[in-house]
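Where a number appears in this text, it was derived from the coordinates with a stated rule and is not lab data. What you see is a predicted model, and the numbers here were worked out from it, not measured in a lab. FYI the Cβ positions are ideal-geometry reconstructions off the backbone, even for glycines, and counts take in every protein chain you see.
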Amino acid sequence: MASVIWILSVVLYAEFMCAVSADKLLSLDCQDENHGVHGKDSLLKCFLNSGGESVKVTAAAWRRPGEKRPLIMFFNDKVREPEDPRFSFKQLQMSGSNIDVSFLVRDTVRTDEGKYECEVVTDSGEAKAVVSLSVTATYSKPDMSSIPEKDLQEGMEVTLFCNASGGYPVGMIHWYDQYGTNWTRSAEMTVVETTDKRTNLSSKFTLKASSITPQYRCLVLNNNGVEEGKAEFDLKFQEKDTTAPEKATGDKGSTAITVIVFVIVGSLLCGLLILALRRRRAQQARRPSTHPILGAMYAMSPDTMEEGSAGLNNTTESVPEPLNK
């Protein structure tokens, strides 16, 4: 009886050692840390190493650690349809000495980040491994705005805004003016997590408007300090009213033209008046030479005219009478 028990013990030990040796021949050579980008395909690399021996996979599955339901499963030479169509094996060649059982995630999203467990069963044993996937997301191109939007005046308080969405891990927003001065410390940034576990960044910067420094820009950096996008913004100052100067200029022009017209007309009238006076004086100067006798008579006084008349009468009385009498 003791010999029988000894024989059975030897047989069981031999079978156990064979199983252990077979398992030792199988191993999963996987990339422990894998990186994916939001919106792109990610590959969790994993190969079944059978030590040069040809084996056949009878079952293979990828799942989240601690979960019973697999994300994708190969069984009896078939792949069961996954609940999420984004998940698949990289290839379906499940026999050989170095079998690729990598896990492909299409259109990766932020929630895909985490640990994954791969388990493979072959006709020569089984193997298991745990890997991780990290997912990053690039921020969208930032957009800028201001309050007030326009009609700014010198010294007016204005707040600039810079927004970028959909990034992960959490990044930063830096502020610069047109001369390269860093204003980031004067800004205030907020972070909001979205439903898909990405983040939106919003930063505001309040300043005094100045036409000397009208241009500003914001830079979006990822968690490693690498620039992912930038935007530029020009302060919109109130346009200068050019109507009033033009009207004043027009009024001045009209006044000048009116003055010139008056001067010209006045000069013409003065010239005509002077010419008329000269002509009249010339006519008066010619009248005495044309009528000298009348002129002399007009020049005599009344007494002179009476004396002349008496002299004429006296001359008549002294005439001698004729000799016939």
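The table for this structure:
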quantity	calculated
Over segment 102-210 - Rg/Rh using Cα atoms and the Kirkwood inverse-distance radius	1.28
Charge tally in the Cβ shell below 12 Å around residue 274, where Lys, Arg are +1 and Asp, Glu are -1, residue 274 excluded	+4
Two-decimal ratio, segment 51-127, of alpha-carbon radius of gyration to 2.2 N^0.38 Å	1.12
Unsatisfied cross-links (Cα-Cα over 23 Å) in the set 141/197; 45/197; 90/197; 56/90; 40/90	45/197; 90/197
Spacing of the two label points (7 Å from each Cα toward its C-beta) at residue 134 and residue 150, in nm	4.7
Packing-based ranking, highest mean first, of 262-268, 103-109, 126-132, 74-80 given that Cβ atoms within 10 Å are counted	103-109, 126-132, 74-80, 262-268
